[in-house]
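Below: one structure, written as structure tokens.
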Amino acid sequence: MPIGPALTTLRSMVARLGSVLRCAGIVYIVVQVIIWRSFYLTAPWRLVAPAVAVAWAAAAVAYLRRRWPSPFLACVDCLIYLGLALGASGSVPPDVRDGAFSWLIISISGQVIVPVWFAPDLVYPLLAVASPLAYWLGALLEPVTDSRSLAGAVMLLIIVGFVHAYGRRALYGRATVADIELNRADQAASEQYAILRRAAERREHERLVHDTVLNTLTALARPSGDDPAGAMRRCRADVALMELALSDPDDLAPEARHPSADLLREVRAVVADMSARGLNVQVETEGIQVPDVPAQVAKAISNVVREALSNVAEHAGTRQAWVQVRQAALAGDTEVPGLLEVIVRDQGTGFDPAQVDQSRLGLRRSIAERAADCGGQAWVWSQPGRGTEVHLRWPASGQPGPAGPGDGARAGRSLGQESLLW
């Protein structure tokens, strides 16, 4: 029988219940020995059977508190109590010997749970009826004082064994079905995760092609494109980025984490690369407590910054830009621990978000989708003549970002707040 989470939980609960029943049995034995002390003091050998029952029950309690028993130990436990059932009737006071409330009956009924629930499948039905039969045979070895009480005690043990056997069959069956369904769901989730991860990797590779090769070719196609030396540098940088993305995918595993210093180092590396292309970029990170982020988030942030600065270099009509890395604040000036925000802004020509060509991939895929894939959110504010701001927040806060500089009563609009087409 496969052991899954549901079956493991069920067995743990049964083992705990078995230990509780054994504890109750120990207390009951001690109480009966005290009540009938005159019977035991007249012949001290009669204390051997209750002492064995108490000692074995205590050992079983200590064991069941830590783990459930193996099938072998369950069978040994049953054999111990079968021996008591066959030979301990003489250790029970005659006044309660054939009744259903003697310490022997209580001990046997409390121990049935272990062999019935933990013995092998082919054995447990026999163990469920073995104790009643052994008790009946042991009782016949002593003078029977009340045959009806004896029959009632045997019937009680049979009912207890039947209840445990039925409970095992029903609950084990349901737990097994639950484990099978859980395993199927886990496999489906794993397959879905693999599909989503491959799709995310494919989208990231497409974005890298756009951010590197396509941007470089577009720049070279312009009449005022880079000089040959600059073009060579850009091509080498593009090749290095593609090789880095394809060489070690495990470095971007979701469980890997990058210290904040690594994130800032990657952002500064992007800024240095863009500065080599003639863009003057000011980085604002001094004195800021930047939280540690997963490796894939750090890579996504640096790539968003690269694409935003590339757009400044290509379209803003200015050679000045600012990059700010900070702890985000959702309301007023109150900082939210662990909430990171990166802003790339310029004071260039700007653009009208409503006029963005839907075939352009930079804003929609290289910035917005990249942020969403890593669990963040991004929005772009721009207005003709007033520059552009790109905001990236991780993790996504669920609240809309700021629309941009100014008082809000302006013609500029924010991509991501008014339109999802980008």
* Structure fact -> region 5-186: Kirkwood hydrodynamic radius (Cα pairs, Å) comes out at 17.0 Å
* Structure fact -> Env charge @ ALA100, Cβ radius under 15 Å, K,R +1 / D,E -1, value -1
* To do: Note down the relative contact order for region 5-186 as a percent, whole number, built from C-alpha pairs under 8 angstrom at least six residues apart.
  => 27 percent
* Across region 88-105, in residue order, what do the Karplus-derived ³J(HN,Hα) couplings come to in whole Hz, using 6.51 cos²θ - 1.76 cosθ + 1.60 with θ = phi - 60° and x for Gly and Pro? -> 9, 4, x, 8, 9, x, x, 5, 10, 4, 9, x, 8, 10, 6, 5, 5, 5
* GLN383's amide H: which non-local residues (gap 5+, or another chain) put their own amide H closer than 5 Å, with H modeled 1.01 Å from N in plane and none for Pro or chain starts? -> PHE351
* Asked: Among LEU41, LEU339, LEU82, which comes first, second and so on when ranked by fewest other beta-carbon atoms within 10 Å?
  -> LEU41, LEU339, LEU82
* Using a Förster distance of 25 Å, the FRET efficiency for GLU142-LEU41 (Cβ separation, nearest 0.05) -> 0.80
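Here, each number is a calculation from the coordinates, and none is a lab measurement. Predicted model, so just to flag it, every value in this text is computed and none were measured. As a convention, Cβ positions derive from the backbone with ideal geometry for all residues, glycine included, and neighbour counts pool all protein chains shown.
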